[in-house]
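Peer 1: Take a look at this one; I'll ask things after.
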């Protein structure tokens, strides 16, 4: 999808959903733990086992369950896939957190910075080193010095992201969308071949639908109330629609925008681990708002669509690619358009149609193929591959 392919705003095209349930009128059903585990098993066991196990070392600034931003959960799903293939995976944090002792998440071994263990020794014994965000320059330099393959994940199209990847000796660059891969290729076209990534793939942020699938609730929800994610607009829309319930979920980063005294129809909840999102957020959500200033993909939108929750979003290139025909788009600065979109979705027929489109798009975004390609690519960059 190109920039010119962005769907029309709600003033030109209305989507479809159902009037919100009154408190106590909707009996919520959540996917059972057994059902959730079944999908995880089918996706990860379907990857098979590697013939030569690798020692995979990742260097990142923060990690779940304490830090629950989209890029960290994307990385975790990808590392889970490597664990399922039989590889040993460890994550070494580069910033202090309240954690002091190493811990495990789905088979991934996480070493907090305060554990005071030797990352250099771990890197030296690694078959491949992985990093994203601020750790790409330092981890990449370490990998070059030690002669280890280096994999860099990119989560946005900021020039500094591509510049860091373009420092040389990146065996594999991983982009979270087709539009990001295209922008990266345009950026690197003037680089000498020695500084370009040796290869690149696209892995759309993997979402296991059954981890999030539930019966939608009766709130209009925003996840992450910082300015760039649309915190101010959330309060404006809530004020304009006093008869609807709104739910604001504090995010993992950025100053959260709260209104002194609040509003009677708005509830704000604290930042929470990803495993609580299904039951405490999506089971209460009827419409998800994603009014981001910039968004290279939009993982929360996919999480919501797994339950057939309609998504009203700003038409960023990433959200347009992510949502496809399921998206209901409104310009970020046009509060009237957001109010109209939400009002339209209080009509039962419109909500039902939009919900059906969301479910169809979520099915299209099944992560199995992307995770298989990821595992194959990581294994191929090593001498053992």
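Read the figures in this text as sums done on the coordinates, not as results from a lab. Note that this is a predicted model, so its numbers are computed, not measured. Cβ: placed from backbone, ideal geometry, glycine included. Neighbour counts: every protein chain shown.
Peer 1: If you average the sequence gap of Cα pairs under 8 Å that are 6 or more apart and divide by the length of the stretch 134-246, what percent do you get for the contact order?
Peer 2: Across the stretch 134-246, relative contact order equals 20 percent.
Peer 1: Let me ask another. Given the peptides 303-314, 231-242, arrange them by the average over their residues of other C-beta atoms within 10 Å, most packed first.
Peer 2: Ranking the peptides 303-314, 231-242 by packing returns 303-314, 231-242.
Peer 1: How much length is gained on full extension from residue 293 to residue 243, taking 0.36 nm per residue of separation minus their Cα-Cα distance?
Peer 2: My answer for the length gained is 15.3 nm.
Peer 1: Over the stretch 241-385, what is the relative contact order in whole percent, taking alpha-carbon pairs under 8 Å and six or more residues apart?
Peer 2: 18 percent
Peer 1: Just need the relative contact order of the chain here, percent rounded to a whole number, with Cα pairs under 8 Å and 6+ apart.
Peer 2: Worked out over the chain, it gives 23 percent.
Peer 1: Let me ask you something else. Pull out a ≥ b ≥ c, the square roots of the eigenvalues of the alpha-carbon gyration tensor of the stretch 72-186, then state rounded if a/c is under 1.5, prolate if not and a/b is larger than b/c, and oblate in the remaining case.
Peer 2: Prolate, because a/c is 1.5 or more and a/b exceeds b/c.
Peer 1: Given 25 °C and 0.890 mPa s, how large is the Stokes-Einstein diffusion coefficient of the stretch 228-385 in µm²/s, with Rh as the Kirkwood radius over Cα pairs?
Peer 2: 145 µm²/s
Peer 1: So if the hydrodynamic radius of the chain is defined as the Kirkwood radius over C-alpha pairs, what does Stokes-Einstein give as its diffusion coefficient at 25 °C and 0.890 mPa s, in µm² per second?
Peer 2: Stokes-Einstein gives a translational diffusion coefficient of 114 µm²/s.
Peer 1: Taking the alpha-carbon centroid of each part, what is the distance from the stretch 308-385 to the stretch 153-173 in angstrom?
Peer 2: Here the answer is 25 Å between Cα centres.
Peer 1: In degrees between 0 and 90, to the nearest 10, how far off the longest principal axis of the chain does helix 178-188 point, with axes built from Cα atoms?
Peer 2: Between the helix axis and the principal axis of the chain, the angle is about 50 degrees.
Peer 1: Let me ask something else. Within a 10 angstrom radius of the beta carbon, how do 370, 336 rank from fewest other beta carbons to most?
Peer 2: 336, 370
Peer 1: Over what distance in Å are the Cα centres of the stretch 178-206 and the stretch 66-119 separated?
Peer 2: 26 Å
Peer 1: Distance in nm between label sites at residue 276 and residue 349, each 7 Å beyond Cα in the beta-carbon direction?
Peer 2: It works out to 4.1 nm between the two label points.
Peer 1: Can you give me the angle between helix 231-240 and the longest principal axis of the chain, using Cα atoms only, in degrees from 0 to 90, rounded to the nearest 10?
Peer 2: For 231-240 against the chain, the angle is about 10 degrees.
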